[in-house]
1. If residue A:38 satisfies all but one of (1) crowded, with 18+ Cβ neighbours inside 10 Å; (2) part of a helix (DSSP H, G or I); (3) of a type outside the set (D, E, K, R), what's the number of the condition it fails?
2. Is it the case, given these coordinates, that residue A:90 is polar (S, T, N, Q), within 11 Å of chain B (Cβ to nearest Cβ), more than 20 Å from residue B:104 (Cα to Cα) and not in a strand (DSSP E or B)?
3. Residue check, residue A:151 against (1) within 20 Å of the chain's Cα centre (by Cα); (2) crowded, with 19+ Cβ neighbours inside 10 Å, all met but one. Which one?
4. Assuming residue A:136 fulfils every condition listed in (1) open to solvent by less than 50 Å² (accessible area, probe 1.4 Å); (2) more than 30 Å from residue A:41 (Cα to Cα) apart from one, which condition is it?
5. In the stretch B:76-109, how many residues are under 30 Å from residue A:177 (Cα atoms) and more than 7 Å from chain A (Cβ to nearest Cβ)?
6. Which residue is nearest to the other protein chains (Cβ to nearest Cβ), if the candidates are limited to the stretch A:66-87 and must be farther than 14 Å from residue B:120 by Cα and of a type in the set (Val, Ile, Thr)?
7. Identify, please: which residue in the stretch A:53-109 is free of Cβ contacts under 8 Å to residues at least 24 places away in the same chain and small (Gly, Ala, Ser) and is, among those, most open to solvent (accessible area, probe 1.4 Å)?
8. Of all residues in the stretch B:82-129, which are under 26 Å from residue A:135 (Cβ atoms) and not in a helix (DSSP H, G or I)?
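The values are calculated or read from the model by the stated rules, or taken from the named source; none is laboratory data. These numbers come from a predicted model, not from an experiment. With ideal geometry, Cβ positions are generated from the backbone for all residues, glycine too; neighbour counts draw on all protein chains shown. Calculation scope for accessible area: heavy atoms of the full protein, side chains included, ligands and nucleic acids excluded. Shrake-Rupley method; radii C 1.70, N 1.55, O 1.52, S 1.80 Å.
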Amino acid sequence: MPLIDIADPHCKLPDVLILDASVLLELRSSTKTGGGRYYVTQFLKRISKESLSGNILCLTPVSTLDECYFMILKTAYENELTTHRVRLQNKYPAKRTITWHDLYKDSSHLIGKFMPVLEQFRAILVGIPLVFIEPEDLVGTKAIVATQPSIEERMRHYIYSVPILPTDAHFLAVAERLNVDAIATLDKDFHGLSSWKIYTII
Amino acid sequence: MNPATSASESLFSLKPSRGTSIFPQQNRVFVPIGRHRIFVFPSESVEPSREELETALENVITAQTTEIVYAQIGSPTLPELLHLKYQKALINAQEYRQQFGDPIDNLISLLDHVADEDTWRRLLDEPYR
């Protein structure tokens, strides 16, 4: 049973679940009624309630926060671009298209303006509650270090065997190190994992 | 007597009526008092500083802090570590909710505030790195 539909409000939840960025960012702006945002909202509210009751442990690795923070900053820069586009076009006339990245390279200090958004985002995840998995949590005991393959080795394994890109392969390697086999993701690249429980929208 | 050993023995001597659970077979102490949790993992190879243990002990007795005091003496197992992190996350979540309300509703509002629907869709469609 590799794929579990989170649109089913009664789907059986695991004891431990690890969330990827696609689930958290699905709650972005949308004028659609129903669809992914609705189901993910209901799913997150459900696991939030169950987590508060001690029935499920929801984990998020720092690499997932990395991806979320990156997307939020990227989007915030893109939003800011409207007030800087003409200035940047005059400054870089050889560029055919001005992007958020050009604005970042030109005005990296604007990140300070966006930091409150990142702080609020983090606080919201704490409120769910999500448990953040830091790199030191993966170190384990001497016995683990001596007997288990490294995260990097397992990352390469997943890149090849799934196949999947490095960021997602690293996510799997971290979940494996934590002995977690249940993942919440909307990324279809994970659908080929037959021995994992993938909580997604089918 | 080693000051650390002395403080550690004081922790072991806490009465069960104060909510103390002692698992001597695992050489570990687990002290819950209300919302407060203090874990101590004694080990022969790594000892806590006297200050660390005295602070932990003081917090057990007075329960003055809302923080979890974690005296890492040796390494907890992975389930113990996750349990510890969960207990801390739970306290923080309850405090967040008391102050700001439902986090999922707030996440929707925050992401709405960052950018409009078209901007999000366009940028999320790009591969991540």
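1. (1)
2. When the stated conditions are applied, residue A:90 does not pass them.
3. Result: residue A:151 fails condition (2) only.
4. If we test residue A:136 against (1) open to solvent by less than 50 Å² (accessible area, probe 1.4 Å); (2) more than 30 Å from residue A:41 (Cα to Cα), just (1) comes out false.
5. Applying the first criterion (under 30 Å from residue A:177 (Cα atoms)) to the stretch B:76-109 yields B:76-94, B:96, B:103-104, B:107.
Subsequent filtering for residues that are more than 7 Å from chain A (Cβ to nearest Cβ) retains B:76-77, B:79-80, B:83-84, B:87-88, B:91, B:94.
So the count comes out to 10.
6. Only one residue fits best here, namely A:82.
7. Filtering first and then ranking leaves A:94.
8. The answer is B:127, B:128, B:129.
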